[in-house]
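Worksheet: one structure, shown below.
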Amino acid sequence: MNASIGQLLPLLLMFVIFYFLLIRPQQKRSKQRNAMLSALKKGDKIVTIGGLHGTIDLINEENNTIVVNAGGQKLTFDKAAVNAVAGEKPVVSEKESEKAK
């Protein structure tokens, strides 16, 4: 009986380590991104995943798209294409800020 517990213990320990190092931080980032996307409003300055900077003119909740005014051109994007809201500082954890130093 002790031998089987001894064999399972390293496997369980690896799972716990993976959870705290990989799974949990990804879930936090996903929640932050979803909160940022749901908080988008007309007039927000955004940056898309392709690097396009523009201002939101219209948000269509029906099909999850936004219309962006980028230098006089109106472009339609999926909400998921928004990378960041310009002017807002990205949320950086204490560990990441210490790594940057």
Evaluate the stretch 30-53: report whether one residue or more is on the phi > 0 side of the Ramachandran plot and at pLDDT 90 or above.
yes
If I filter the stretch 84-101 down to residues being at pLDDT 70 or above and in contact with a helix residue (DSSP H, G or I) (Cβ under 9 Å, 6 or more places away or on another chain), which single residue comes out as surrounded by the most Cβ atoms within 10 Å (Cβ to Cβ)?
85
Pick from the stretch 12-48, criterion in a helix (DSSP H, G or I) and among the β-branched types (Val, Ile, Thr), ranking: nearest to residue 85 (Cα to Cα)
23
Set 46, 66: member being hydrophobic (A, V, I, L, M, F, W, C) and either loosely packed, with under 11 Cβ neighbours inside 10 Å or out of contact with any helix residue (DSSP H, G or I) (no Cβ under 7 Å at 6 or more places or on another chain) (or both)
46
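The values are calculated or read from the model by the stated rules, or taken from the named source; none is laboratory data. Being a predicted model, the structure only gives us computed values, none of them experimental. Heads up, the Cβs are rebuilt from the backbone with ideal geometry, glycines too, and the neighbour counts pull from every protein chain shown.
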